[in-house]
Structures are given as C-alpha cells and as structure tokens.
Amino acid sequence: MFFGITDIWTYVLGAFFIILLPGPNSLYVLTTAAQRGVRQGYRAAAGVFIGDSILMVLASAGVASLLKSTPILFNVVKYAGAAYLAWIGFQMLRGAWRSWRAPRGAQEARAVRREESPQTAPLRKALVISLMNPKAILFFISFFIQFVDPAYGTPALSFLILGAICQLFSMLYLSLLIFGGTFLAAQFRTRRRLAAGLTTGVGALFLGFGAKLATASLG
C-alpha cells in the first residue's frame, strides 16, 4: 500500500486509458490549437487542468454525495452544461458555414479579430466546459474510492496523489493534442473548405456531447 492507495499500478493503468477517451475537453483543446496555435491551445489546456482539479477537490469534499441526494441540483448543473456544449457546437457550425462562403481575405481578417477578442478566451471556455459536468464529479469519486484504503488515517493525501497522477496524464495527452492540432492546421491552411468541413464535424460532436449530458442520469 502506498500512502493509503491499495493498488497504485492498476490505478495508473486505468487512469491512462480513461484520459485517452475522447470528450468535450480534449476535443476543445485540439480545436483551439488547430485554429489559434500552440499558445492558445495551452490556455485551453490550463482551463481543463484547473476545472478538473476543482472537480477532484469537490469530489473528495463530498459534493458527489450532495449531487446524489439532491436531484434538482444535479439536473440544474446538467442542463446548464448541456446547453453550454450545444452553444459551442452551434458557434462552430456557424463559423464553418461563414468560412465556407467567405473569400479568403475576409476569412483571414475574421481570424485576426477572433484572436484579439477577449470574449473567446480559451481558458475560460475550457474551464466552464469542465465545471458544467456533474457526472465528472460522480465519476471521480467512484473511480478514486476503489483505490483508497478506508482505514488509512489521511485519505485526503491519497486523493491528492491519485489526482496528481490523473492530471499528469491529462497534461501529457493534451500537449500531444496541441502539437498534433497545430500540425494538422498547417496541412489544411490552404484547404479552406476541407477545414470548414472538419470544423462542422467538431461542431456536430459538441452538439452530441450536449445531448448526451442532457440525457444523463444519476445512475
């Protein structure tokens, strides 16, 4: 046993594969890096990192029990998060449609304005995407609790170590997505309609993530 963690290597393996599962957070980081470069991609990754850290702290503090015992609160957060994901998806679809129809010069000018606009701060968007998912809190507590010895004197330390391992994998994976996204962007920069088609696909996925969250249940 390692600081109250019963089987750390099984946890490491499980956390690794869980991080690899695609979700709205990783997809948003990839899209941001592809559209706006490495710096903005890491800002989005920072939002994911902060959001997941907050969710882990909330899970260990007992908020998961509160969500389970208060279905109204769970539904409020769930529907707000679903609406936000759907809104991001709609914005991507609208941007892809404009990019498809606009001349190249107008498209580049709009990209510059988007880069300068504080309303599109990737850190804030990624943070909200992370926090507006009540299922994530329930997941963290249900996953972590399997590897914490209930007899250990300071379970908070066990949760801290498990969270740090998960975040390490997350940052490595997001870094891979960021540099992969910028590479793909360089390949598609001269293929405007193909890039618009890919953005349309990502927007549709976000609408799907929103629908999936809206239909999620406490079970």
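The values are calculated or read from the model by the stated rules, or taken from the named source; none is laboratory data. Just so it is clear, the model here is predicted, and its values are computed rather than measured. Every residue, glycine as well, gets a Cβ built from its backbone with ideal geometry; the counts of neighbours run over all protein chains shown.
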For Thr6, which of the numbered conditions (1) crowded, with 20+ Cβ neighbours inside 10 Å; (2) modelled with pLDDT of 80 or more; (3) of a type in the set (Ser, Thr, Tyr) fails to hold? (1)
Within the range 122-135, identify whether any single residue is modelled with pLDDT under 70 and closer than 28 Å to Ala156 by Cβ, and answer yes or no. yes
Residues satisfying the stated conditions in the range 44-59, i.e. over 13 Å from Cys166 (Cα atoms) and either touching a strand residue (DSSP E or B) at 6+ places or on another chain (Cβ under 9 Å) or surrounded by 22 or more Cβ atoms within 10 Å (Cβ to Cβ) (or both): Ala44, Ala45, Gly47, Ala59
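Could you identify the single residue in Tyr11, Tyr28 that is in contact with a strand residue (DSSP E or B) (Cβ under 8 Å, 6 or more places away or on another chain) and closer than 20 Å to Phe139 by Cβ?
After applying the criteria, what remains is Tyr11.
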Hits in the range 32-43 (condition: modelled with pLDDT under 85 and out of contact with any Lys or Arg (no Cβ under 9 Å at 6 or more places or on another chain)): Ala34, Gly37
